[in-house]
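All remarks here apply to the structure that follows.
The values are calculated or read from the model by the stated rules, or taken from the named source; none is laboratory data. Only a predicted model underlies this, so the values are computations on that prediction, with no experimental measurement involved. Quick reminder, even Gly has a Cβ in these numbers, built from the backbone with ideal geometry, and neighbours come from all protein chains shown. Note: accessible area is taken over every heavy atom of the protein model, side chains too, but ligands, DNA and RNA are not part of it. Shrake-Rupley method; radii C 1.70, N 1.55, O 1.52, S 1.80 Å.
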Amino acid sequence: MRIAVVGSGYVGLVAGACFADLGHDVILVDNDQKKLAALRNGEVPIHEKFLPELLGRHRGQRLNFSDDLQEAVRVSSVIFVAVGTPPTQSGEADLSYVESVALEISGGINGYKVIVEKSTVPVYTSEWVRKIILRNGADPEMFDVASNPEFLREGTAVTDFLFPDRIVIGCDSERSAEVLRKIYQPLTDGTYYEKPDAIPQPDRASIPAPIIVTSTKSAELIKHASNAFLAMKISFINAVACLCESVEANVNQVVHGIGTDSRIGPRFLNPGIGYGGSCFPKDVMAFRAVARECGYEFRLLDEVMRINEEQRQRFLRKVRSALWTLRGKNLGVLGLAFKGGTDDIRESPAIFLVQALLQEGSKVTAYDPAATERTQEVMNSSITFVNSAYEAAHNADALLILTEWEEFSNLDLKRLRQELRYPIVIDGRNLYDPDVMAGQGFTYYSVGRATSHPDGVPAGALKNGKKA
Ligand code: UDX
Ligand code: UDX
């Protein structure tokens, strides 16, 4: 089918490339000429596994780039809107980009079209999009507005798109539901997975993908509710980690004990320095705001946000309790991205903590496998950027682990100990076992577990929280 995707950001670009891999003809529309030029000459602006392969395979064939939205609407039967919905000051989603795109779309309707919300939008958006398009003279029989929320995680967005737990389509007419079923058919009838060049299947995938058809409003709510629930799960385990610290329990053991209950599940129960990224913080705030607008005070979400903020402050206190004064201290920092596997630093707790430490007069030497460039754009002067964990640790008073990159969880601990001025590691992501760190001669702080001290520490001192 002929598909237009508006917005070539983290979602639009992945969606466009994946629709092309399903066999559709895609026009990716953006109003940012720089981005379009970069895409046309083969650049891949975001760090996504398999995206370079898909863009290389389809660029100029099934996937083309344009800045002419009306022309793209005229030649397409479905238009996916994937423009940014950033938070406003008061926390609501800024829908001005969605509105301006809806306005432009209305001028290109030359036959039946399905306009599909891909961006995360509040529950009443589809009604507004419909109103805007009607107000600009479109024939009500000539279009439908649908919702098809994305559940893509950064770093694994292509796999999440092509091996989804479920495809949710929200439609208010059978006609538009049929069109969207057809678009995803290669995934729902399994034919995509038989292709020799299909993207490798992840271990947890359940194929073929189930499709869930709901009303448009329900689909819009499913997205906000999913993200808010996942954020709540993270804040819940972070709160339990705080309790573990005060009673000297071990949060990893608690996670294992509760996560084996199939109703809870072990995923998204990793305690740390709190969630970040361009979605959870924004979507929890937006969900809270839209619930209030619709007459429901969703106070639980206030607590999810409060715990998340508090988690960062607790980590800062942990750094102070390890080092006493921070002024003039040399801190090695591992990780700047908001999570492992991505170059994105939007709402990154690591960036927040680095800024706070710099403000207290520390010197920061940071290493991140992918996010250094984006960090340099916003914080060039005050940090020393290096190219390995060992360089970040060199001569440092302590090493801070702020992002859960795979490579940070299997460092050469002997070499690390030699590089550090003092063998102190403050781990915001629980990548190591406290006893192993003690055995390797480190004083090791982490989240929801007792601090461990080097083996052989003088009697009377606290070893792993107990009297040595
Ligand atoms: C966006 C939303 O921010 C997110 O909440 C939702 O879950 C998915 O869509 P993202 O892809 O990261 O996420 O947005 P962004 O990176 O801001 O990219 C949006 C793209 O749309 C940009 O390339 C921008 O140039 C383009 N755009 C924006 C248009 O083409 N036209 C516009 O009017 C506005
Ligand atoms: C999230 C949702 O998972 C995805 O479905 C939605 O479409 C977009 O938002 P993303 O923000 O890319 O995806 O990353 P995710 O893997 O969910 O992590 C979000 C944040 O939570 C990161 O800062 C991560 O470090 C943190 N996190 C995640 C935890 O602290 N603990 C966990 O157990 C999981």
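One residue is enough: does the range 4-13 have a residue meeting the conditions assigned by TED's automatic domain parsing to the domain that holds Gln201 and in contact with a Cys (Cβ under 8 Å, 6 or more places away or on another chain)?
no
Which condition from (1) at pLDDT 95 or above; (2) of a type in the set (D, E, K, R); (3) closer than 22 Å to Lys217 by Cβ is the one that Glu127 breaks?
(1)
Check Val378, Val364, Val386 and return the single one that is over 18 Å from Ile424 (Cβ atoms) and open to solvent by less than 40 Å² (accessible area, probe 1.4 Å).
Values: Val378 fails: open to solvent by less than 40 Å² (accessible area, probe 1.4 Å); Val364 fails: over 18 Å from Ile424 (Cβ atoms).
None of the others qualify; the one that does is Val386.
Just wondering, is there one or more residues in the range 200-207 that are in contact with a helix residue (DSSP H, G or I) (Cβ under 7 Å, 6 or more places away or on another chain), farther than 21 Å from Ile3 by Cβ, of a type outside the set (Ser, Thr, Tyr) and part of a helix (DSSP H, G or I)?
No, the conditions are met nowhere in the range 200-207.
Being aliphatic (A, V, I, L, M) and away from ligand 2 (no atom under 16 Å from the Cβ) narrows it down to one of Ala209, Ala219, Ala177, so name that one. Don't jump to the end; show me each part of the working.
On the way: Ala209 fails: away from ligand 2 (no atom under 16 Å from the Cβ); Ala219 fails: away from ligand 2 (no atom under 16 Å from the Cβ).
So the residue among Ala209, Ala219, Ala177 that is aliphatic (A, V, I, L, M) and away from ligand 2 (no atom under 16 Å from the Cβ) is Ala177.
Tally the residues that are open to solvent by less than 30 Å² (accessible area, probe 1.4 Å), closer than 25 Å to Thr403 by Cα and either within 16 Å of ligand 1 (Cβ to nearest atom) or in a strand (DSSP E or B) (or both), restricting the search to the range 130-169.
So the count comes out to 7.
Could you check the range 81-94 and list, in sequence order, the residues that are more than 9 Å from ligand 1 (Cβ to nearest atom) and out of contact with any helix residue (DSSP H, G or I) (no Cβ under 6 Å at 6 or more places or on another chain)?
Listed by number, the residues that qualify are Thr88, Gln89, Ser90, Asp94.
I need the strands (runs of 3 or more DSSP E) fully contained in the range 33-129, keeping only those with at least 3 residues that are open to solvent by 10 Å² or more (accessible area, probe 1.4 Å). Break it down into steps so the answer makes sense when it comes.
Numbers: elements: 63-66, 78-81, 113-117.
Filter on the range 33-129 gives 63-66.
Only residues that are in contact with a strand residue (DSSP E or B) (Cβ under 8 Å, 6 or more places away or on another chain), open to solvent by 10 Å² or more (accessible area, probe 1.4 Å) and touching a residue at least 40 places away in the same chain (Cβ under 8 Å): list them for the range 185-216, please. Give the steps one after another, and end with the answer.
Within the range 185-216, the subset in contact with a strand residue (DSSP E or B) (Cβ under 8 Å, 6 or more places away or on another chain) is 187-188, 209-216.
Now drop any that are not open to solvent by 10 Å² or more (accessible area, probe 1.4 Å), which leaves 188, 210-215.
The answer is Pro210, Ile211, Ile212, Val213, Thr214, Ser215.
Those residues that are hydrophobic (A, V, I, L, M, F, W, C) and either crowded, with 24+ Cβ neighbours inside 10 Å or within 16 Å of ligand 2 (Cβ to nearest atom) (or both), I need them from the range 21-32; list them, please. Quick ask: steps written out before the conclusion?
Let us first name the residues in the range 21-32 that are hydrophobic (A, V, I, L, M, F, W, C), namely 22, 26-29.
Residues satisfying the conditions are Val26, Leu28, Val29.
Restricting attention to the range 1-20, report how many residues are within 21 Å of the chain's Cα centre (by Cα), more than 15 Å from ligand 2 (Cβ to nearest atom) and of a type in the set (A, V, I, L, M).
3
Being part of a helix (DSSP H, G or I) and either within 16 Å of ligand 1 (Cβ to nearest atom) or in contact with a helix residue (DSSP H, G or I) (Cβ under 7 Å, 6 or more places away or on another chain) (or both) narrows it down to one of Arg312, Arg292, Arg317, so name that one. It would help to see each step written out before you state the result.
Numbers: Arg292 fails: either within 16 Å of ligand 1 (Cβ to nearest atom) or in contact with a helix residue (DSSP H, G or I) (Cβ under 7 Å, 6 or more places away or on another chain) (or both); Arg317 fails: either within 16 Å of ligand 1 (Cβ to nearest atom) or in contact with a helix residue (DSSP H, G or I) (Cβ under 7 Å, 6 or more places away or on another chain) (or both).
From the options Arg312, Arg292, Arg317, the qualifying one is Arg312.
Quick one: count up the residues across the range 266-297 that are open to solvent by less than 40 Å² (accessible area, probe 1.4 Å), away from ligand 2 (no atom under 11 Å from the Cβ) and without any contact (Cβ under 8 Å) to a residue 60 or more places away in the chain.
The number of residues fulfilling the criteria is 1.
Find the residue count for the range 389-403, including only residues that are in contact (Cβ under 8 Å) with a residue 60 or more places away in the chain and open to solvent by less than 70 Å² (accessible area, probe 1.4 Å).
Of the residues in the range 389-403, the ones in contact (Cβ under 8 Å) with a residue 60 or more places away in the chain are 392-403.
Those left that are additionally open to solvent by less than 70 Å² (accessible area, probe 1.4 Å): 392-393, 396-403.
The total comes to 10.
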